[in-house]
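One structure is given here, and the rest of the page talks about it.
The values are calculated or read from the model by the stated rules, or taken from the named source; none is laboratory data. All figures in this text were calculated on a predicted structure; none of them were measured in a lab. Counting neighbours? That spans all protein chains shown, and the Cβs are built from the backbone with ideal geometry, glycine included. Note: areas computed on protein heavy atoms with side chains; ligands, DNA, RNA excluded. Shrake-Rupley method; radii C 1.70, N 1.55, O 1.52, S 1.80 Å.
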There are 2 protein chains.
Amino acid sequence: MKKILGTTLTLLGLAVFGQAKEDSIQFAKISTEILNKGKAYNELRELTKNIGHRLSGSASYEKAVTWAEQKLRDAGADKVWLQEVMVPVWVRGKESLQIKTSNGKWKSLKMLSLGNSEGTGGKNVSGEIIMVRSMEEYDKLPPEQVKDKIVFFNYPFSQTYIETFRGYGDAAKYRSTAASLTAKKGGKFAIIRSLSSAFDDVPHTGSMRYQDDKKIPAVAVGSTTADELAELLKSQKITAKLNSNCGMKGEKLSHSVIGEITGKKDKSVIVVGGHLDSWDVGEGAHDDGSGIVQSIEVLRTFKNLGIQNNHTIRVVCFANEENGVKGGVMYGKTVKENNEKHLFAIETDAGGFTPRGISLDMDNEKRKQIQSWADLFLPYGIYDFKNTYSGTDLYPLHDLGIPTAELVPDSQRYFDIHHTEEDTFEKVNRRELLLGASTLTQIIYMIDKNW
Amino acid sequence: MKKILGTTLTLLGLAVFGQAKEDSIQFAKISTEILNKGKAYNELRELTKNIGHRLSGSASYEKAVTWAEQKLRDAGADKVWLQEVMVPVWVRGKESLQIKTSNGKWKSLKMLSLGNSEGTGGKNVSGEIIMVRSMEEYDKLPPEQVKDKIVFFNYPFSQTYIETFRGYGDAAKYRSTAASLTAKKGGKFAIIRSLSSAFDDVPHTGSMRYQDDKKIPAVAVGSTTADELAELLKSQKITAKLNSNCGMKGEKLSHSVIGEITGKKDKSVIVVGGHLDSWDVGEGAHDDGSGIVQSIEVLRTFKNLGIQNNHTIRVVCFANEENGVKGGVMYGKTVKENNEKHLFAIETDAGGFTPRGISLDMDNEKRKQIQSWADLFLPYGIYDFKNTYSGTDLYPLHDLGIPTAELVPDSQRYFDIHHTEEDTFEKVNRRELLLGASTLTQIIYMIDKNW
């Protein structure tokens, strides 16, 4: 397209008067500051390229702690500290999955052990694959058909939902429960089709849970491998052989990183945060490096624009969201113990994509008040205030009765790359990332002023 | 993030009754059909990978004509035909731009001649670079300071606008007029900073125009080269040397490709289209391969779902949008000559990104009617009906008083890759592309039913 639009400058914000006009002008200042001078994109490059992925308990996570501490100071925080938290240490190690078809030859499949899964202890574990398309189909299988088998849960990610989180939610039980369900009927290990919206061969890891002491391995394969396996199984028996070394290696002392600018009127706290840990593949760029650098951008923008914050604006870089939520739980526990008044907490943990809305997990009165600000947000493409969930790390705060929220970015690309080798800096767009930071700053500006 | 949303299925569409309920159900059918069975993504792979870029007058454009004809037949068109149109033949050929700094060595810069520009005829043309930051600055320069010089228009793409089309519109005059302005004051050729929202070294081509017979060359460099040049020019004189072979090589007979499903009630026409040509770099994936495959998807979806269309639904794959708009002009001329009643025409030529709205270029009454359907679109993330432009190819129809429109996708990434080597299939996301096709089908379903 080559169309040249008229260059008439539509004033950002709305042609309104008084209070709303003042807010509209402040919204435009925030957006202009961040789109032109925001550092989130360059900081994300540092985090992903200099440190890379950073699973809880790893040396790279500790490097990320030091990095985040420094970035919060650079952004102008009045106070920066580390919050101690014990985190699980899960290690992947070397792993391989092979199949043998009727031609008698072994073939390697691209795979990832699921996070928190135990491995085979470096030994080969093999058996015949049986495939089910759904939980209902699996439930009907008698144990004798599962005993000593490898169960392949080939449940596809639903393409039908417009918000891909719903497709993810729909398929998630396969990842969390496949191993325990397989173990209960005497199977040797479980293979799942990745929770992926893409039709490619990228395996997605992510956390699983054991329901009891029978801890057998669970691994994921990409969509095309899953389809090929299903096709092969139509005509022949297939043996799978897994060799893996993953497993839990106890706990370790680690830290969430916290920085704040002190409230000018009182010390009530408004939290904005993301999680500093990531899975141990790719670079944790969208999940959740984006959320970390956006949260730091909020603090920097308040400082740079000299906004007089009534309340304390606090950035929390949570430890261990991915496989334990120990950082979120510890933060909530500390708030409760110290009886520290929190007005509002928002997380950004759904990717650094163009923002579309804010999900509001709070009572109706507060939700309606925020929704009444919708006209201020609309010029920034923020129109969606209907959802009612909030970030995982914030559930402990929610349980204390604190209004919580989450940034809602466009969800179309997230589950193509989520928890994979493909979640890299190159997949993040500068303007999309910065617009998310702008939305966060705008909502916090409004909360700080009105609550 | 690992949050698992509740799997409660929110019924797509709205809990409403009667007519609106019927429409809501049809919207969900359209979306589900396209997200699950849509072929647009695979067709785009064919167009971009088997044919590639396809400038008017090139052999690859003619291949694209044959391909589009076949795809329209495959999609179930009742009638497919080619519309003859004479198109300009512009050829790039070999080209290079070098600079010599104070160290006396020549250095090559990444560059692209602007589309429609004449070259140097294979000879070296060199001179000292003078830089201006804006049109206003250039206007103040006396001709003697420009004579025999190379003028470097280093006007940055504004990051401030939320819709990047506005930043593009703001900077576009530099691309269209730099050569003629430079020639008027006796300069040898013009260099422009690319119309790019990215901070990288990718040059963007795109059409320019000569205002008179003094046809000197114009070329574009990427953002980082522009910044480096500006930095060098602070401390030293720089000589630039251009050698290029581009230029207009007359005209050629070519074709727009048209396919339709006949109206069941009457033969009034509803048009959906994009342009089949692209610039001669990259693969023309977002611009506008996406629009072509989305338009074909609309037709296929009407057929596959057995929707009884009252009026004729016509797909137009316009020739020569990029450097002449001859296809759009010829289509409008034919409509006028044949007095062919058109109810509505919509173009998709702003990239295959997640759709956000529909821009409506029509009288207030019709615009308001479409806006009254907003609740039907909202569950699909379509909320923005405020813009009032339509696609370039549709201006001739607009001039005939026909209501015209354009799909409005998210604009954040478009001008990073627009008219560059980077506009490739890999930059298009399957779900984003298909959602755009779904929105187009939904609006045409409503127009067909209500107009």
Cut-off 9 Å between beta-carbons: net charge of the residues surrounding A:TRP106, Lys and Arg +1, Asp and Glu -1: +4
As a test, work out the antiparallel percent of DSSP beta bridges whose residues both lie in the protein assembly as shown, rounded to the nearest 5. 55
Find the sum over both chains of the accessible area lost when B and A are paired, probe 1.4 Å, and report it in Å² to the nearest 100. 5000
So for R0 = 60 Å, FRET eff. of B:LEU253-B:THR160 from the Cβ-Cβ r, to 0.05, ends up at 0.85
Residue of chain A nearest the A-to-B rotation axis [by Cβ], rounded angstrom distance: A:TYR383, 2
Alpha carbon centroid spacing (whole Å) that separates the stretch A:244-292 from the stretch B:54-74: 51
Taking the simple approach of a point 7 Å from Cα along Cα-to-Cβ for both B:LYS214 and A:THR66, what is their distance in nm? 6.1
With every protein chain in place, the accessible area of A:VAL329 for a 1.4 Å probe, in Å² rounded to the nearest 10, comes to 80
Where the centroid of each part is defined by its Cα atoms, how far is the stretch B:394-445 from the stretch A:121-137 in Å? 44
Using only Cα atoms, tell me the angle between helix A:326-338 and the longest principal axis of chain A; keep it within 0 to 90° and round to the nearest 10. 40
For the stretch B:353-451, give the magnitude of the charge dipole about the Cα centre (Cβ charges: +1 Lys/Arg, -1 Asp/Glu; no others), in debye to the nearest 20. 440
Give me the percent of accessible area attributable to carbon and sulfur for the stretch B:350-405, probe 1.4 angstrom. 48
Dmax and Rg, reported as Rg then Dmax, of the protein assembly as shown (C-alpha, Å): 29.0, 94
How many Cβ atoms of partner chains, on average, are near each residue of A:161-173 if near means within 10 Å of its Cβ? 5
Computed over chain A: longest principal axis from alpha-carbon atoms vs helix A:290-304 long axis, angle to nearest 10 degrees, is 10
Note the full-extension length gain between A:ASN50 and A:ASN450 as 0.36 nm times their separation in residues minus their Cα-Cα distance, in nm to one decimal. 140.0 nm
Between the label point of B:ASP212 and that of the same position in each other copy, find the distances and list them shortest first in nm, with every label point placed 7 Å from Cα along the Cα-to-C-beta direction. 9.1
Just to be sure I follow: if Rg is taken over the C-alpha atoms of the stretch A:64-121 and Rh is the Kirkwood radius over the same atoms, what is Rg/Rh? 1.33
Between B:LYS147 and A:VAL91, what FRET efficiency comes out of the Förster formula 1/(1 + (r/R0)^6) with R0 = 60 Å and r the beta carbon distance, rounded to 0.05? 0.30
Tally the DSSP beta bridges in the stretch B:84-243 and give the antiparallel ones as a percent, rounded to 5. 55
Taking the Cβ of A:GLN19 as the centre, find all other residues whose Cβ is under 15 Å away and add up their charges (Lys, Arg: +1; Asp, Glu: -1). -2
When we measure straight from the Cα of B:LYS37, which aspartates and glutamates land under 15 angstrom away, once same-chain ones fewer than 8 places off are left out? B:ASP74, B:GLU297, B:GLU432
Say each of A:GLU228 and B:SER102 gets a label point 7 Å from the Cα, pointing the same way as Cα to Cβ; how far apart are those two points in nm? 5.9
Net charge near B:GLN308, counting Lys/Arg +1 and Asp/Glu -1 over other residues with Cβ under 12 Å of its Cβ? +3
Using the beta-carbon distance between A:ASP266 and A:ASP375 and R0 = 25 Å, what value does 1/(1 + (r/R0)^6) give for FRET efficiency, to the nearest 0.05? 0.30
Taking 23 Å as the cut-off for C-alpha to C-alpha distance, list the pairs among A:LYS94/A:LYS215; B:LYS140/B:LYS214; A:LYS303/A:LYS333 that go past it. A:LYS303/A:LYS333
In peptide A:424-431, how many Cβ atoms from other protein chains are near each Cβ within 10 Å, on average? 3
What does the helix-only formula give at 222 nm for chain B: each DSSP H stretch with n ≥ 4 adding -39500 (n - 2.57), the total divided by the residues, and the result rounded to the nearest 500 deg cm²/dmol? -10500 deg cm²/dmol
Tensor-based shape of the stretch A:93-245 (alpha-carbon gyration tensor, a/c under 1.5 rounded, otherwise prolate or oblate): rounded
Relative contact order of the stretch B:94-245: what whole-number percent is it, with Cα pairs under 8 angstrom and at least 6 residues apart? 38
Using only the alpha-carbon atoms, what does chain B span along each of its principal axes? Please give whole angstrom values in decreasing order. 76, 55, 41
Residue-averaged beta-carbon neighbours from other chains (10 angstrom radius) around A:392-400: 1
Percentage of interatomic Cα-Cα distances in the stretch B:190-347 larger than 27 Å: 45
In nm to one decimal, list the spacings between the B:LYS386 label point and its equivalents in the other copies, with label points set 7 Å along Cα to Cβ, shortest first. 2.0
Using alpha-carbon pairs under 8 Å, 6+ residues apart, how would you state the relative contact order of chain B in percent? 21
Can you give the angle from 0 to 90° between the axis of helix B:18-37 and the longest principal axis of chain B, with both taken from C-alpha atoms, to the nearest 10? 60
Using a 1.4 angstrom probe and counting only protein chains, how large is the accessible area of A:ASP74 in Å², to 10? 90
I need the inter-copy label distances for B:GLU144: point set 7 Å along Cα to C-beta, values in nm with one decimal, smallest first. 10.6
Give me the lysines in straight-line cross-link reach of B:LYS336: C-alpha distance below 28 Å, same-chain residues under 8 apart excluded. A:LYS2, A:LYS3, B:LYS71, B:LYS79, B:LYS252, B:LYS264, B:LYS265, B:LYS267, B:LYS326, B:LYS366, B:LYS368, B:LYS449
